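J.: So that we are looking at the same thing, I have put the structure below in structure tokens.
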Amino acid sequence: MGNPQTQETIGEALRVLGLRRGAIVFVHSSMSSIGYVEGGAETLVDAFLQVLGPAGTLSVPTFTFSHSQSAEPVFNPALDPSEMGRLTEETRTRPGAQRSCHLVHSVAALGAHAEEIAASHGPSAWAEDGPFWKLHELDAYILLLGVPYLRCTFFHLLEQLVQVPYRQWREVEAQIRDADGSQRPLPTLTFGPKPGFVGNDFNRLGAILEEQGHVLAGSVGNAEARLFRARSAFEVGMAQYEGDPDLFLMKGREYTQLGSGILTDELHNEKWVLDPVGIYGRR
């Protein structure tokens, strides 16, 4: 299983990768990809905060897909747990953390720019009044920690901006529960796949970003790690889409292969690791 990971070893790996004090970083993660972490998610968040320092900001997705199955959904930003893994829930519940208000695609942030990132969230997660566009404005980093580019939800911003033909708008009647227990309308729009959608292959854009030198590559424990700027992904993605309108779609039955590491075969829960045997909890 390899050596246990500590706050110190994780922090050093993040620095070697290229994460610096004062940075703003949005993290998609799989803790089990790292291996055994002493102290669990608390240690991982502490490592990020130590590396970023007081001027930096840690941001994570705190999506609540379960609301999509409810006939009368109500979002409670204070109590609804994140469905995006242990790092995200630990970040969401830290003192001082801020969470944006979206029925399905909320984000949480902790640090100097937390309020700025979480304060703006219109009916659609990826519009210009939402946190993902704010990441672009702030020139934030995106970090994939033990997960492939397939999990990079920032790429949906590009799909929405160009209005890809394989997705469609859906309006959802929802409510938000405020801290005093009262409820009010929560305008919600989703840009979901149409019937017959073959699936996204965001690994293709990730591979292009790596080929063009926009990605810092490394590992944290057993997890493959990739760090890149939101603006770089936006600019390269928009340019590539002009020449290939199917840029984000699967072509055939296989995802684009990545240049290093091993991509596990767990549908919608893929991990990107040095060694599948080193995934924590796997026997």
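The values are calculated or read from the model by the stated rules, or taken from the named source; none is laboratory data. Quick caveat: nothing in here was measured; it's all calculated off a predicted structure. Ideal geometry is used to build each Cβ from the backbone, glycine not excepted, and the neighbour counts take in all protein chains shown.
J.: Please indicate, with yes or no, whether at least one residue in segment 86-104 is of a type in the set (A, V, I, L, M, F, W, C) and over 25 Å from Leu138 (Cβ atoms).
T.: We begin by selecting, within segment 86-104, every residue of a type in the set (A, V, I, L, M, F, W, C); these are 87, 97, 101, 103-104.
Those left that are additionally over 25 Å from Leu138 (Cβ atoms): none.
No, that holds for no residue.
J.: Being among the small types (Gly, Ala, Ser) and within 30 Å of Ala217 (Cβ to Cβ) narrows it down to one residue among Ala119, Ala140; which is it? Let's see the steps before the verdict.
T.: Details: Ala119 fails: within 30 Å of Ala217 (Cβ to Cβ).
Answer to the selection: Ala140.
J.: Out of the residues in segment 100-120 that are crowded, with 22+ Cβ neighbours inside 10 Å and not hydrophobic (A, V, I, L, M, F, W, C), which is farthest from the chain's Cα centre (by Cα)?
T.: Filtering first and then ranking leaves Gly111.
J.: Considering only segment 149-156, I want to know if a residue exists there that is at pLDDT below 95, surrounded by fewer than 21 Cβ atoms within 10 Å (Cβ to Cβ) and in contact with a Pro (Cβ under 9 Å, 6 or more places away or on another chain).
T.: no
J.: Which ones in segment 2-45 are on the phi > 0 side of the Ramachandran plot and more than 21 Å from the chain's Cα centre (by Cα)?
T.: Selection gives Gly2, Gly39.
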